[in-house]
Amino acid sequence: DNYTVSAQLPAGTLTGIKLEVLPDESFINKGPGRADNGNFVLNEFQLRAGDKPVALSAVKADFEQQGWPLANALDDKLDTGWAVMPSFGQTHTAIFQLATPLAVDGATRISWRLLFQFGRQHTIGRFRLHFTTAPVHLLRSLPDPIRAVLQKPATTRSDDEKRQITEYHRSSDAQFSAARKAFDDAKRERERFENALPRTMVMRDRDKPRDTFLLQRGVYDKHGDKVAHGVPSVLPPLPSDAPPNRLALARWLMAPANPLTSRVTVNRYWQTLFGTGLVKTADDFGVQGERPSHPELLDWLATEFQKPAVAQPSVANTHPQNAWNVKHLLRLMVTSATYRQSSKVPKGMAERDPHNRLLARGPRYRWPSWMIRDQALAASGLLVQKRGGPPVKGYQPPGIWEEATFGNIRYEQDHGEALYRRSLYQFWRRIVGPTMFFDVATRQSCQVNVVRTNTPLQALITLNDVTYVEAARALAQRVLLDNDGYATPHQRIETIYRLVLSRRPTKSEVTILIKTLGTFRAQFVRKPDSAKKLLGIGESKRDEKLDAIEHATYTALCNLILNLDETLTKE
């Protein structure tokens, strides 16, 4: 219901209104509302002078139900409002202040609308309206402690009593409350903006650098010879036109005359592509490190990496003005005859060169776990391509963090697209890495050499982890919904192979996999509940139009193909 009250007020300047809601014996719980528990919900309280609306602000209510404050009665929304549960059976008051005092000439009719649109009978049963031309806060009933303080002479009030009066006055003044709210909102917005800005540690040099000494036997207060900034004499000197500080060191690191930075960087990219660097000890280029297997090649790649790349009309996105062009370097490596060799071991080379240090064949090694995960998601169509943003928390068995933190920190998994973002964005706690990354270095220390493992844990994860089972289900769905000529098992297997392995299957492989499909199908026909259980793994929704038995059959087949040695290995 909606109530409308109109009246012709005597001449004066209207400043405030008090709504008094009254209980009654005829209401449930004596009201003051007519709902089946005695409550009401005043969705909107409106004032008009003639045909013009008058703006109001909420000063205070004597009681507000949690989540249903008086301010809701002025927000122009019919799904919010003022309510008083569980304070039933007693009078409640609400004070409103006119945003601008209204001059009434004695002939203007004033109307008030009380809107009740919440639910059945959530209306007010009895009420009174009071009007005033005095300051609006005078309408409010004073709390007994404040009344007692005000009855004292001002000169005898303590500092604490003065503070109580000040705080009470501020809480009663609508303009002050509005200003305070605007201030708090602006402060929160400023803090939100500042927290969103990227931050970095900033250091500065001392105006007068302190002296540095060699310490005798490492004892901090036993100084030996005084030392100064510098680099090993076998390497080019620091720039002569800069003071010996961090900026000079940065310039020295990237100087064309310094081969070290380029050689180290090129070696790490070579390790990424070939599995082993030209210098096998990629983490140690010092006197204790291994000598390069192909020193002239390393030198040439280092100088090629430092100089500007030459623009080629046939090659897109070439930037001839930029030295240190990583894209140019990687293109140079992957298009080389060395990289494009077959990874099959030539006859006699396994004994002569078991680790392929002579580069007589193409690289072959187990993909890192993060790449295996991204590959499975990409083939299935689940991978989210969005770049940047905060880290995400993917699937993880329960209790992992609790075990490592003595129950002090719990892992809260994300949902939605966060589960399918690249492994790069997975949240990483230093002492507990993501469980699906079974061959990565710990975060306690820097590790340049890649850890490669054939641990059974890998097979346990890639066969059973939620991410991989869900990827297999999504890949199966992707193939089953592809009606563009891929209707037979042979053609569907060929599609899966091309998505996962980038090649067509051989006849013998197709024969084996079709037979395997029959085995899987027979198992799920005997146990249809297991098919539904398999299809329920993971949060992504499956297409219910697909037959559950058929979908589960191809899910098991896709899981098998995602775990082939060829899938998990760089060939």
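Residue count for region 444-479 satisfying the condition of being touching a residue at least 24 places away in the same chain (Cβ under 8 Å) and closer than 21 Å to L564 by Cα: 23.
Listed here are the residues, each with its yes/no results for (1) open to solvent by less than 80 Å² (accessible area, probe 1.4 Å); (2) modelled with pLDDT under 85.
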site	(1), (2)
F118	no, no
T123	yes, no
R128	no, no
T132	yes, no
L139	yes, yes
D144	no, yes
A148	yes, no
A154	yes, no
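Looking only at region 364-382, how many residues end up being of a type outside the set (A, V, I, L, M), touching an Asp or Glu at 6+ places or on another chain (Cβ under 9 Å) and in a loop (DSSP other than H, G, I, E, B)? Residues flagged as of a type outside the set (A, V, I, L, M), touching an Asp or Glu at 6+ places or on another chain (Cβ under 9 Å) and in a loop (DSSP other than H, G, I, E, B) within region 364-382 amount to 2. Considering region 419-436, the residues that are among the hydrophobic types (A, V, I, L, M, F, W, C), open to solvent by 20 Å² or more (accessible area, probe 1.4 Å) and assigned to a loop (DSSP other than H, G, I, E, B) include one that is farthest from D547 (Cα to Cα), namely I431. Would you check which residues across region 439-486 are under 26 Å from G536 (Cβ atoms), more than 23 Å from the chain's Cα centre (by Cα) and part of a loop (DSSP other than H, G, I, E, B) and list them? Once the filter is applied, which keeps residues that are under 26 Å from G536 (Cβ atoms), more than 23 Å from the chain's Cα centre (by Cα) and part of a loop (DSSP other than H, G, I, E, B), region 439-486 yields L481, D482, N483, Y486. For region 305-338, the candidate set comprises residues that are at pLDDT 90 or above and touching a helix residue (DSSP H, G or I) at 6+ places or on another chain (Cβ under 6 Å); within that set, the residue that is surrounded by the fewest Cβ atoms within 10 Å (Cβ to Cβ) is M333. Taking Q121 as the residue in question, decide whether it is polar (S, T, N, Q), within 50 Å of the chain's Cα centre (by Cα) and farther than 20 Å from T4 by Cα. No; evaluated as a whole, the condition is false for this residue.
If you go through region 513-532 one residue at a time, do you hit one that is in contact with a His (Cβ under 8 Å, 6 or more places away or on another chain), of a type outside the set (K, R) and either open to solvent by 40 Å² or more (accessible area, probe 1.4 Å) or more than 14 Å from S380 (Cα to Cα) (or both)? Break it down stepwise before answering.
As a first pass, look at region 513-532 and keep what is in contact with a His (Cβ under 8 Å, 6 or more places away or on another chain): 514, 531.
The next check asks that each one be of a type outside the set (K, R); those that pass are 514, 531.
If we keep only those that are either open to solvent by 40 Å² or more (accessible area, probe 1.4 Å) or more than 14 Å from S380 (Cα to Cα) (or both) too, we end up with 514, 531.
Within region 513-532, one or more residues are in contact with a His (Cβ under 8 Å, 6 or more places away or on another chain), of a type outside the set (K, R) and either open to solvent by 40 Å² or more (accessible area, probe 1.4 Å) or more than 14 Å from S380 (Cα to Cα) (or both).
Looking at A196, A178, just one residue is over 20 Å from A99 (Cβ atoms), of a type in the set (G, A, S) and open to solvent by less than 100 Å² (accessible area, probe 1.4 Å), and that residue is A196.
Only residues that are without any contact (Cβ under 8 Å) to a residue 12 or more places away in the chain and either over 23 Å from P292 (Cα atoms) or among the hydrophobic types (A, V, I, L, M, F, W, C) (or both): list them for region 340-389, please.
Answer for region 340-389, where residues must be without any contact (Cβ under 8 Å) to a residue 12 or more places away in the chain and either over 23 Å from P292 (Cα atoms) or among the hydrophobic types (A, V, I, L, M, F, W, C) (or both): K347, G348, A350, A378, Q385, R387, G388.
Is it fair to say L273 is under 37 Å from the mean Cα position of the chain (by Cα), open to solvent by less than 60 Å² (accessible area, probe 1.4 Å), under 16 Å from S336 (Cβ atoms) and in contact (Cβ under 8 Å) with a residue 12 or more places away in the chain? When the stated conditions are applied, L273 passes them. Among the residues of region 548-569, the one identified as surrounded by fewer than 21 Cβ atoms within 10 Å (Cβ to Cβ), in a helix (DSSP H, G or I) and among the polar types (S, T, N, Q) is T567. Under the condition of being over 46 Å from the mean Cα position of the chain (by Cα) and within 30 Å of S262 (Cα to Cα), the residues counted in region 200-227 number 1.
Of everything in region 44-55 that is open to solvent by less than 30 Å² (accessible area, probe 1.4 Å) and under 42 Å from the mean Cα position of the chain (by Cα), the residue that is farthest from L142 (Cα to Cα) is E44. In this structure, does N258 turn out to be touching an Asp or Glu at 6+ places or on another chain (Cβ under 8 Å) and modelled with pLDDT under 90? Taking the combined requirement at face value, the residue does not satisfy it.
Please count how many residues of region 218-249 are of a type in the set (A, V, I, L, M) and either open to solvent by 60 Å² or more (accessible area, probe 1.4 Å) or within 18 Å of R206 (Cα to Cα) (or both).
The total comes to 7.
Evaluated against (1) more than 18 Å from T4 (Cβ to Cβ); (2) among the hydrophobic types (A, V, I, L, M, F, W, C); (3) part of a helix (DSSP H, G or I); (4) in contact with a Leu (Cβ under 9 Å, 6 or more places away or on another chain), V149 falls short on exactly one condition, (4).
Which of the residues that make up region 229-276 are closer than 30 Å to L358 by Cα, part of a loop (DSSP other than H, G, I, E, B) and not β-branched (V, I, T)? Passing the criteria: L235, P256, A257, N258, P259, G275. Of all residues in region 29-43, those that are open to solvent by 30 Å² or more (accessible area, probe 1.4 Å) and either in a helix (DSSP H, G or I) or polar (S, T, N, Q) (or both) total 3.
A quick yes/no check of all residues on (1) in a helix (DSSP H, G or I); (2) among the aromatic types (F, W, Y); (3) in contact with a strand residue (DSSP E or B) (Cβ under 6 Å, 6 or more places away or on another chain); (4) buried (at least 19 other Cβ atoms within 10 Å of the Cβ):
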site: K18; (1), (2), (3), (4): no, no, yes, no
site: V59; (1), (2), (3), (4): no, no, yes, yes
site: F63; (1), (2), (3), (4): no, yes, yes, no
site: A71; (1), (2), (3), (4): yes, no, yes, no
site: K77; (1), (2), (3), (4): no, no, no, no
site: M85; (1), (2), (3), (4): no, no, yes, no
site: Q90; (1), (2), (3), (4): no, no, no, no
site: A107; (1), (2), (3), (4): no, no, no, no
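The values are calculated or read from the model by the stated rules, or taken from the named source; none is laboratory data. Bear in mind that the values here come from a model prediction, so they are computed numbers and not experimental data. A quick note on method: Cβ atoms are made from the backbone with ideal geometry, for glycine too, and the neighbour counts reach across all protein chains shown. Remember, those area values only see protein heavy atoms, side chains included, never the ligands or the DNA or RNA. Shrake-Rupley method; radii C 1.70, N 1.55, O 1.52, S 1.80 Å.
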